[in-house]
Amino acid sequence: MARYKDYVAAQSLEEAYALNQKKSAVIVAGNMWLRMCGLNRQMAIDLCRLGLDGIEETQDAFVIGSMTALRALETDAALNAAFGGAFAAALAPIVGTQFRNTATVGGSVYARFGFSDVSALLLALDAQVVCFKRGAVPLSLYQKEPWDRDIITHIRIPKGQRAAVCSVRTSATDIAALVCAAARSQAGMRMVLGARPARAMIVADALAPESGADVFEAIAARTPFGSNLRASEAYRRKVAPVLMARCAQACREVTA
Amino acid sequence: MNVTLTLNGRQVTAAVEADDSLYTLLRALGMHSVKCGCETTNCGLCTVHMDGKAVLSCSVPAARCDGHAVTTLEGMQEEAKRLGECLAGEGAEQCGFCAPGLMMNVFALAKENPHATEAEIDAYLAGNLCRCSGYVSQRRAVKRYLESMEVQP
Ligand SMILES: Cc1cc2nc3c(=O)[nH]c(=O)nc-3n(C[C@H](O)[C@H](O)[C@H](O)COP(=O)(O)OP(=O)(O)OC[C@H]3O[C@@H](n4cnc5c(N)ncnc54)[C@H](O)[C@@H]3O)c2cc1C
Ligand code: FES
Ligand code: FES
């Protein structure tokens, strides 16, 4: 279990950022993952008093505070209406409601978990990660970078897309053995595979919406997969085209 | 450091360590209904309400509770009696270890979706693990409880 000597509920982002420049400090969001990490740090910096929880809809995007709970994304009517119910579908399988009432979107994005349903969907939706110092960074880039000491303030998701998510789990509430997320915009369809078991990656961009089984099989053939306790590499490669076909179909249906 | 919270409707001030969890604080305050099953956010046994929402007390930092309202089963005895009767009536418990967490999450469900379907009950309670019941009898009991709330005087 994580151990800290001091706890600070930061009063401003400036304060949180300044305190977080020390290697002996750590940012606390939902604390669901951190709690289990066995970290031993001097200081825990809690972002809970910075008003970073909330979902704002602008003309061309949804801007989500980094401390927004996964459950809020799952149940937000406007967000789900805009993206074909993809947030509800992607997040509902994660552990349980109590868990999702506390786990945050910022913690999910920062951690860059290979198994993340959250990152897979946000990547398909071409989300941007807004950091306090760096400003906006495409998630597709952020996702590949090592952990830094900046603070995620918001996640920005452009509107005008339809999305769908499918996952395979060996048992309900476990982490996924494979996640597929797709988003369809005017540019075509973007396909993401996560829990490969490595970090989610864009496996196809600007796909024709009517792409069929042969296209998905070709994508699966060139995508790097691995084996772990939850599934073998061969299983993942076999199942991936099916998940891609289901997501593509769902995107077509919600667009129709 | 000290935290002041509203616990089951009463203001309480207590000293906490920087890395204490809400679970540790509640046990220290004598809330023995709150139990710890896994301490890894998986089992749901430590569920309490914070500002009306069900949360896993094993992972909420105690220091974060300063200025917030926390409710445990000790503060919901009337509802617990009613739900307890439904659980017993449907044979939905054997050892009963999972009950405190399950009950707190059922109360959250009753508030959020009092007419929940069976599928919605299953989805809402997915994070409350039970090694004995097989879940089907729990689902029946929860349905019965929600229905009893509809005719509550
Ligand atoms: C048992 C368990 C099962 C899970 N299953 C799934 C699953 O099936 N699917 C899925 O998608 N996810 C799953 N997760 C991951 C979960 O959804 C969250 O991503 C995870 O708990 C991190 O979110 P958090 O808010 O708890 O962050 P924390 O645990 O508080 O923090 C995680 C990391 O992010 C850093 N951090 C947090 N917020 C910020 C910020 N704003 N800026 C900079 N750094 C920050 C912290 O310093 C820490 O390093 C699971 C987690 C657990 C513990
Ligand atoms: S003890 Fe908190 S979820 Fe198991
Ligand atoms: S009745 Fe024994 S764990 Fe649920």
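Among the residues of segment B:1-58, the ones that are away from every other protein chain (no Cβ under 14 Å), of a type outside the set (D, E, K, R), open to solvent by 40 Å² or more (accessible area, probe 1.4 Å) and over 14 Å from the mean Cα position of the chain (by Cα) come to 6 in all.
Applying the criterion of being among the charged types (D, E, K, R) and within 14 Å of chain A (Cβ to nearest Cβ) to the residues of segment B:60-119, the residue that is farthest from ligand 1 (Cβ to nearest atom) is B:LYS111.
When each of A:VAL129, A:VAL137 is tested for being without any contact (Cβ under 8 Å) to a residue 40 or more places away in the chain, touching a strand residue (DSSP E or B) at 6+ places or on another chain (Cβ under 8 Å) and within 10 Å of ligand 1 (Cβ to nearest atom), the lone residue that passes is A:VAL129. Just one of the numbered conditions (1) touching a residue at least 40 places away in the same chain (Cβ under 8 Å); (2) within 24 Å of A:GLY160 (Cα to Cα); (3) of a type outside the set (A, V, I, L, M, F, W, C); (4) surrounded by fewer than 19 Cβ atoms within 10 Å (Cβ to Cβ) is not true of A:LYS144: (2).
Yes/no per residue for (1) within 14 Å of chain B (Cβ to nearest Cβ); (2) open to solvent by less than 30 Å² (accessible area, probe 1.4 Å):
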position: A:GLY38; (1), (2): yes, no
position: A:LEU50; (1), (2): yes, no
position: A:GLN59; (1), (2): no, no
position: A:THR75; (1), (2): yes, no
position: A:ALA81; (1), (2): no, no
position: A:GLY84; (1), (2): no, no
position: A:GLN98; (1), (2): yes, yes
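Restricting A:LEU19, A:LEU50 to those that are of a type in the set (A, V, I, L, M), assigned to a loop (DSSP other than H, G, I, E, B) and more than 25 Å from A:PHE115 (Cβ to Cβ) reduces the list to A:LEU50.
Take the residues in segment B:69-99 that are part of a helix (DSSP H, G or I), open to solvent by less than 40 Å² (accessible area, probe 1.4 Å) and without any contact (Cβ under 8 Å) to a residue 24 or more places away in the chain, then tell me which one is farthest from ligand 3 (Cβ to nearest atom). Taking the candidates together, the pick is B:ALA80.
Yes/no per residue for (1) within 26 Å of A:GLU56 (Cα to Cα); (2) surrounded by fewer than 20 Cβ atoms within 10 Å (Cβ to Cβ):
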residue: A:ILE155; (1), (2): yes, no
residue: A:VAL168; (1), (2): no, yes
residue: A:THR173; (1), (2): no, yes
residue: A:ARG184; (1), (2): yes, no
residue: A:GLY194; (1), (2): no, no
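Residues of segment A:92-122 that are among the aliphatic types (A, V, I, L, M) and either in a loop (DSSP other than H, G, I, E, B) or in contact with an Asp or Glu (Cβ under 8 Å, 6 or more places away or on another chain) (or both): A:ALA92, A:ILE94, A:VAL95, A:ALA103. Mind checking which residues of segment B:127-153 are aliphatic (A, V, I, L, M), in contact with a Gly (Cβ under 8 Å, 6 or more places away or on another chain) and either surrounded by 21 or more Cβ atoms within 10 Å (Cβ to Cβ) or in a helix (DSSP H, G or I) (or both)? Hit for segment B:127-153 is B:ALA141, nothing else. Looking across segment A:58-87, just one residue is part of a strand (DSSP E or B) and more than 26 Å from A:VAL28 (Cα to Cα), and that is A:ALA61.
A quick yes/no check of all residues on (1) within 21 Å of the chain's Cα centre (by Cα); (2) surrounded by 21 or more Cβ atoms within 10 Å (Cβ to Cβ):
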| residue | (1), (2) |
| --- | --- |
| A:MET1 | no, no |
| A:GLU15 | no, no |
| A:ALA29 | yes, yes |
| A:TRP33 | yes, no |
| A:LEU47 | yes, yes |
| A:ASP53 | yes, no |
| A:PHE62 | yes, yes |
| A:ALA90 | yes, yes |
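The values are calculated or read from the model by the stated rules, or taken from the named source; none is laboratory data. Remember, predicted model here, so these are calculated numbers, not experimental data. Please note: Cβ atoms are built from the backbone with ideal geometry, for glycine as well, and neighbour counts cover all protein chains shown. Ligands, DNA and RNA are excluded from the accessible area calculation, which covers all protein heavy atoms including side chains. Shrake-Rupley method; radii C 1.70, N 1.55, O 1.52, S 1.80 Å.
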